[in-house]
Structure formats: structure tokens, C-alpha cells
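Report on the following structure.
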């Protein structure tokens, strides 16, 4: 079979250049034309030095193999360098070289293979941006130095030192997924997979297949065996977000995995065993769901081995400005802008808003401001309308049953939030005129509990 080497050269995805003993170009394929902008007719017979191949790291010119003394040995297999295009730009490439010889082992020239590294460089830049955003996958990613966040970090350290099931509780947008990641990456399982499933995103039939996998022919469209998320997470951690939305069937199957560490794929009778740590999260009140018969009590206790509460943004108002600074820095890098200031009105509004969407809503508000802001300072009209307009802010907070973060809680009626920090207890004492009995009624506890809170949180004990 005769081979048409020209056809082969023209179909290669890499650039191919062949030079003679005097470094003159003899072969120049189509990929080299695309890579450099030089046509074949322009370069044939020219010195290959026109490419100005420079080492990517040091910026030094990469020597041509023909110019290397024999004592230097064979040229390196591959060198990362940059080529100069016809338009003056430079292209990162990987250059591989080999000497050519005739049948008598006499050198006749050199073949150079140039592989375009631009797609790889783009992927590396994307990975770098993602790493920049994620930062280190530990509790350090949780922005804020408030007492509430200090308690969260302490709980993460405790949870990471064991393999117990963790139930992460908190409102929507508080960062429950970040907490799960911090627990996983903090200790022994950091090198194992972390697999995430949003239990509210899929209907029951699809969620069952996603979690436990399915056998070929188990249902229409199951053309091959498919492992589930439990198998993919074997040895690592499975994060089940929105666990409160599970159907009764999935609750029952999940309970079996938690108790016996075994399951069956859909449409299969083979029992499979896994070593998976479960971290579940929900914004729902699971105890209330249990009381209403919508969540299995035995599953709740299996999940509630180590409960970890992530505070709302209202519970850690001192962290609002550090979070804003973090988002400013991030969006400046993403957009290339240089916005580093907030007007006084914007600062006041951000501190006073109730933030029903918590940190996620705050991030979205700053991102919105980056779209509208044309200068170095975010002004009032750069904020989303529902945040900048007082009437809408009040309506949103009233509908959510929340007070603005800067306002003292009203005394009387049902409790809006639990008393978790010194600041909350102090605000409640002030709102109730330091009446411990009234504080107890407001919080739904007895008076002795209020005194224990004051002692534990070191709130000033003022006479009634």
C-alpha cells in the first residue's frame, strides 16, 4: 500500500515543519498556516528563525537542533515555548523535535511538531479562577468573625474529626453547602469524593435512580447499568441538600442505607455495600414535619446525630460588611472594574435590611450593583429596587415575619427568632424593659432559662 504523506501531514491537528541542515523550511503544513498566519509559499526556503521560538518560562530563544553541537547529545523531546505569529502576537505551543537521517544514518534535517497550548492555557485559567473563588476548602471560606460564625467553625472542627452523620440546619442562602464542603475537606476524607444531590430538584422516580443507580432495562430509557450517587461517593461523603423534601419511599430506602450501609439498584436484586458519610441539609423544621407525619421519625433521629445550625445574616450583622468587601473583591476580579466604595446610604440600607435570602441575596445585590454602577462607588440607585425602596423593604420583611437587622425585636407575641447570641439577648432585654418574665414569654421559655442564657452569654444582669 502506497502512502500519500502529504495528505497525512495536512490532516494532523499539530503543526509540522521540516527543515534542512541549514535550518531552511522545506515542509509547512496547513495547521502551521492556521497557527502562525504565514502561508506555505511565504515560508518555504526561509530560515525557521522567523518563528522566534522562545522558552515559555525564561523567554530565551530555543536553539534549533541543527545548531546544537554533537557533544550536546540529542535535542530535548519536548519544550514549551511561544511562537511569533505574522501579526506580532505570540502563541503558546509544545515543540517536539527529531533529527532526520537517510538510510546511512547521515543527518538530513529536522522535523518539528508544534502543539497548540491555547486550549490548555484557557482551562488552566478557568481552574485558577475557580480556585480563587472557592479558596481553601475549609472553614476559612466562611466569611465573618462574629460569635455565631465562631460557633459554626468550632462545630465544623468537631464534625470533621468523626464520621458521624451531620444535619446542617439553616435558612435558605446561609451557606449550608459551604459548611458541608468544609466538614468533608477538613480531615481524613478530603482525598475521597464529595458527591452532592439536591433532593428537591428531581421527582421521586428519578431521584431513586440518581441515589441508588439502576440496572439495564429497569425502566424505559435504561439502556445500560448506571451507578448511583451512593456508589460514586463510596469512601467519601454524600451531601443530601433539601433533605426535608424527600418522598416517603426515598426516606425508607435512605434509612436502610444509614442503618445497614447497603442498598439495591433500581431493577436489581443484588445487595451492594458502601462506606459513605452522610451530610444532610435543610431549611425546613424537620421536627414539625415529623409531628405532621410528613417525615419519618426514625430517619430524623438517624440524621440528627450531630445537628449544626448555620445562623442567618440577621443573627450576625457584624459580618455584613466583611461579606460585602469579599464580594467587591471577587466581582472586581471577575469584571475588571475597580469598585471599592459604598455610599453612606447604601451602607445603612445593607445593615438595616432583614435579608430573608441571607448571604446569597447579599451576593446577588452586590452583583446587581456591579452591572449598574459606572464609577468607583456603589450608590443608592445601584441596588436592586426591592432593597433600595423603603416601602418594598418593609413589605418584604413583614411578609417574612422578620424585623430589619438593625431594629430591636418587639416584645410580646410569638418569637421571631431564637436567642443565640449576646447581641440578640441584649436587644430583647432592652425591648422588654429588662423584664425577665416578659423576655421569657417572648422567647417561649421559663424565667430560669433566661437567667441561664444571661449567665452563659455573659449579658449584663440588670435589676427588674
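Bear in mind that the values in this text are calculations on the coordinates, not laboratory data. If you're wondering where the values come from, they're calculated on a predicted model, not measured in any experiment. Neighbour counts are summed over all protein chains in view; Cβ atoms, including those assigned to glycine, are modelled from backbone coordinates with ideal geometry.
A few comments on the model shown:
- Approximate spin-label separation residue 220-residue 108, in nm, with each point projected 7 Å along Cα-to-Cβ: 6.4 nm
- Rel. contact order, % - alpha carbon contacts under 8 angstrom, at least six apart, segment 314-407: 34 percent
- Using the Cβ-Cβ distance between residue 124 and residue 273 with R0 set to 45 Å, the FRET efficiency works out to roughly 0.70.
- Fully extended contour minus Cα-Cα distance, from residue 198 to residue 101, at 0.36 nm per residue: 28.7 nm
- Note on residue 374 and residue 8: with the Förster distance fixed at 45 Å, the Cβ-Cβ geometry gives a FRET efficiency of about 0.20.
- q = 0.10, 0.13, 0.22, 0.23 Å⁻¹, segment 219-324: log10 I(q)/I(0) [Debye, one scatterer per Cα]: -0.40, -0.62, -1.24, -1.30
- Peptide packing for 424-432, 299-307 was compared via the average number of neighbouring C-beta atoms within 10 Å per residue; ordered from the highest value, the list is 424-432, 299-307.
- Computed from the C-beta positions of residue 285 and residue 325 and an R0 of 25 Å, the FRET efficiency is 0.15 to the nearest 0.05.
- Prolate/oblate/rounded call for segment 314-407, Cα gyration tensor, a/c under 1.5 rounded: prolate
- Taking packing as the residue-averaged number of other Cβ atoms within 10 angstrom, the listed peptides 81-88, 210-217 run from highest to lowest as 210-217, 81-88.
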